[in-house]
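Heads up: the structure comes next, in structure tokens.
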Amino acid sequence: MYQNIFDTHAHYDDKRFDADRDKVLASLPEKGVVGVVNAACDMASCETGIALAEQYRYIYCTVGVHPHAAQEYTPECREKLAAYAKNNRVLAIGEIGLDYHYDFAPRDIQQKVFADQLALAKDLDLPVVIHDREAHQDTMDLLRKYQPKGILHCFSGSAEMAKQIIKMGMYIAFGGAVTFKNAHKLLEAVQAVPLDRLLVETDCPYMTPEPFRGKRCDSSMIAYTAERLAELQGILPQSLLDITWENAKAVYELDSTF
Ligand code: NI
């Protein structure tokens, strides 16, 4: 069994955990999980994430509005996010970004909401957690403009884009997609990321790694993702988990005695 699994991105407030959330969360430490960051996707999930993070000492959270929910974002949301961020269980602003695959909100609104939250993170001196789906060019343009610190989550870009993100000082997180059979381009990107900027995540309940694809995911399944990443990086899976835990503490600015 592996140790030191730190899941940098999960959605335990998702309704797919309603039936057994506490059971799943309580079982994580015995499966080698040392920490989880619950990522908010709208204003309601900011509050549920904070509640979970206050209930479990190994759970932290982010606050922010996902591009899917961009139309609910108002100037008052910004004030509320700033207030939430005062809670020491809140580690970052996220997940924020652009999603041109689903286009749940018009792109100009997504861009405005993303930019406003990048500015908020700057004001608060907090890292960001970025969602970029089929919006690489516009995401890169806004990252260049605001120069945030933080994570590009569920990375789906090219090796070249990964190099540019690294050059900006950011970290890159990979999830279950690296275990999928069609992941060729993604695997090249993994190899472009230096070990000291690499993170692992589940994005659970989504993005379940093989061999469980199609089932609900939880943080313990990072083991399968870590095995694939370790193979690509030429190290042992446990070493990869040890290193990515250290990276997670660095990017989320968690106390080194954690
Ligand atoms: Ni997510």
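Observations on the structure shown:
- The value of relative contact order for the chain, using C-alpha pairs under 8 Å at least six residues apart, is 19 percent.
- In plain terms, the C-alpha convex hull of segment 31-100 casts an average shadow of 5.2 nm² when viewed from every direction.
- CD proxy at 222 nm, helix term only [per DSSP H run n ≥ 4: -39500 (n - 2.57); per residue of the chain; nearest 500]: -12000 deg cm²/dmol
- Length-normalised contact order for segment 160-228 - Cα pairs under 8 Å, 6+ apart - percent: 35
- When +1 charges are put on Lys and Arg Cβ atoms and -1 charges on Asp and Glu Cβ atoms, the dipole computed for segment 5-251 relative to its Cα centre reaches about 300 debye.
- Relative contact order for segment 115-258, counting Cα pairs under 8 Å that sit 6 or more residues apart, in percent: 19
- 26 Å Cα-Cα reach of Lys23 towards lysines, excluding residues that sit fewer than 8 places from it in its own chain: Lys15, Lys31, Lys215, Lys249
- In segment 5-251, the C-alpha radius of gyration followed by the widest Cα-Cα span (Dmax) gives 16.6, 48 angstrom.
- Distance from segment 112-137 to segment 1-69 (C-alpha centre basis), Å: 21
- Between the listed residues Ile235, Ala135, Gly97, the Cα displaced farthest toward the positive end of the dipole of the chain, a dipole computed from Cβ unit charges relative to the Cα centre, is found at Ile235.
- Absence of a disulfide-compatible partner, taken as no other cysteine beta carbon within less than 4.7 angstrom, is noted in the chain for Cys41, Cys46, Cys61, Cys77, Cys154.
- Cα gyration tensor shape for segment 114-258, rounded if a/c is under 1.5, else prolate or oblate: prolate
Just so you know, all these numbers are worked out from the coordinates, no wet-lab data involved. Since the structure is predicted, the reported quantities are computational estimates derived from the model, not experimental observations. All Cβ positions, even for glycine, are placed from backbone atoms using ideal geometry, and neighbour counts span all protein chains on display.
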